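Enquirer: Take this structure, written in structure tokens, and hold onto it; I'll ask about it next.
The values are calculated or read from the model by the stated rules, or taken from the named source; none is laboratory data. In this text, all values refer to a predicted model and were calculated from it rather than measured experimentally. Please note: Cβ atoms are built from the backbone with ideal geometry, for glycine as well, and neighbour counts cover all protein chains shown. Side chains included, ligands, DNA and RNA excluded: accessible areas come from the protein's heavy atoms. Shrake-Rupley method; radii C 1.70, N 1.55, O 1.52, S 1.80 Å.
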Amino acid sequence: QISFLNTFRRAMFQHSFRPSVSPDSLSRIKRGSIRSSVSVDSEAPVESLDTLIEDFNSHPNIGLSKLIESGHVPSNPTEIAAFFHKHSSINRKILGIYLTQPSNHEMLAAFVDGMEFGGLMFDEAMRVFVRALVIPGEAQIIDRMMRAFAKRYVACNTDSLFADVDAAHILAFSIVLLNTDLHNAAIKKKIRHMSCSQFVQNNRGINGGGDFPAAYLTEIYQRISTKEIKVSSDDTYVAMLFETNKQGWLETDNYRHSKRKRWVVLKDSNLYILMNPDDSEPITTVQLQNLTIREKGNTGFEVCSIVGERISTEMKTDRLTLHAKSAEERRQWVLQLRSAVFQSPVMNASRASEMVSECDDRVVADDESNTKSR
């Protein structure tokens, strides 16, 4: 039995691992005239370009490192930007988030410098821009993108109406806000949208201290009103909440001072209020722009507008009062919210500070009034 097993093992080894070649071929292999089909030091298969782009779309930092290591793209920002322009299979929303990271400012500048806006109207150039680099919904990212766009547009149009890059930057951001106000599906039709006169008024004094011609702003308003600027490839609620800053149950005060339990989600610079965690869309969305966060009582806190306007299109109040289960949970929410609040570039720091003080005064006065009425 042992002899039979040994013979069987030798036969299996020879069948499995010895190359099936003739004595003549084996001799030629030894001389190096042909290569054997069996190589002990064979190299690992090289990943295809499509696979590496898929890696970038999933994990940009890792994917770009692989693209550079494989030789598909050089390591300098200009060549990387040219590669991003060339390959349409790169996810434009992922690319926008990646390029607007502070560490990638040179790459973002190189990418935008690869675009030509000469002779285009300002809002038309914005449409070209967002087709190449999808703008996500986060206010900070929008601001960085609009700054890069404004700088390039002014460079391409030296005879334009803009006094400087800051003027183009502020107007671009203002157009994004207008576009959202007029076309966001979450804004109900019964809510009054921004009028043309309001748009013109909001942009007074931003052009190096002077005004843009009213006719110029009116034409922009009419074009945006007629045709939406698509600022996101996927504007669904699920996509917005892919990675949240914080979420959980909080109690909200309604207009009759009773509390209702709501599922609250903080994602970047947006606060979503839902009935339940598995709801397909929120009851209301609060954009954390020009707001202040102040503590109230033992476990409560308020999200308050510093300009005295309603904090969302669905709410008729300039503040939202929320209550956590504990003081520690309240502290965590307040820290996250304060870090997420974004101040519009239209508003200077001193005016924002004054408005925060005015908001605090209004809240204190209202608290005293509510206490007396009770």
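Enquirer: Filter region 138-174 down to the residues that are among the β-branched types (Val, Ile, Thr) and either closer than 20 Å to Gly209 by Cβ or not in a helix (DSSP H, G or I) (or both) and list them by number.
Expert: Within region 138-174, Val154, Thr158, Val165, Ile170 meet the criteria.
Enquirer: Something else: Please determine, by comparing only the residues of region 179-201 that are assigned to a helix (DSSP H, G or I) and at pLDDT 90 or above, which one is most open to solvent (accessible area, probe 1.4 Å). Walk me through it before giving the result.
Expert: Restricting attention to region 179-201, the residues satisfying the condition of being assigned to a helix (DSSP H, G or I) are 179-183, 196-201.
Cutting the leftovers down to at pLDDT 90 or above gives us 196-201.
Numbers: Cys196: 37, Ser197: 84, Gln198: 83, Phe199: 0, Val200: 17, Gln201: 104 Å².
Filtering region 179-201 for residues that are assigned to a helix (DSSP H, G or I) and at pLDDT 90 or above, the one most open to solvent (accessible area, probe 1.4 Å) comes out as Gln201.
Enquirer: Within region 71-88, is even one residue under 27 Å from Asn270 (Cα atoms) and of a type outside the set (Gly, Ala, Ser)? It would help to see each step written out before you state the result.
Expert: Let us first name the residues in region 71-88 that are under 27 Å from Asn270 (Cα atoms), namely none.
No; the residues of region 71-88 include none that is under 27 Å from Asn270 (Cα atoms) and of a type outside the set (Gly, Ala, Ser).
Enquirer: Moving on to the next point. Just to be sure, is Ile135 surrounded by 19 or more Cβ atoms within 10 Å (Cβ to Cβ) and in a loop (DSSP other than H, G, I, E, B)?
Expert: Details: surrounded by 19 or more Cβ atoms within 10 Å (Cβ to Cβ): yes; in a loop (DSSP other than H, G, I, E, B): yes.
The answer is yes for Ile135.
Enquirer: Okay, next question. State whether the residues of region 302-310 include one that is closer than 21 Å to Val176 by Cβ, at pLDDT 75 or above and buried (at least 21 other Cβ atoms within 10 Å of the Cβ).
Expert: yes
Enquirer: I need the full set of residues from region 140-176 which are small (Gly, Ala, Ser) and farther than 18 Å from Asn202 by Cα, in order please.
Expert: Ala148, Ala150, Ala155, Ser160
Enquirer: Report, by residue number, each residue of region 68-123 that is assigned to a loop (DSSP other than H, G, I, E, B) and either of a type in the set (Asp, Glu) or open to solvent by less than 40 Å² (accessible area, probe 1.4 Å) (or both).
Expert: Those that are assigned to a loop (DSSP other than H, G, I, E, B) and either of a type in the set (Asp, Glu) or open to solvent by less than 40 Å² (accessible area, probe 1.4 Å) (or both): Val73, His87, Ile90, Thr100, Met115, Glu116, Phe117, Gly118.
Enquirer: For region 207-266, name all the residues that are at pLDDT 90 or above, of a type in the set (Ser, Thr, Tyr) and surrounded by 12 or more Cβ atoms within 10 Å (Cβ to Cβ).
Expert: Tyr216, Thr218, Tyr221, Ser225
Enquirer: Could you list all residues from region 311-337 that are surrounded by 19 or more Cβ atoms within 10 Å (Cβ to Cβ) and among the small types (Gly, Ala, Ser)?
Expert: Ser312, Ala324
Enquirer: Oh, and also: Sort out which residues of region 58-67 are over 14 Å from Glu47 (Cβ atoms) and open to solvent by less than 70 Å² (accessible area, probe 1.4 Å), and write them in order of number.
Expert: Pro60
Enquirer: Oh, and also: Could you please find all residues in region 299-320 being over 27 Å from the mean Cα position of the chain (by Cα) and within 15 Å of Thr284 (Cα to Cα)?
Expert: Within region 299-320, Lys316, Thr317 qualify.
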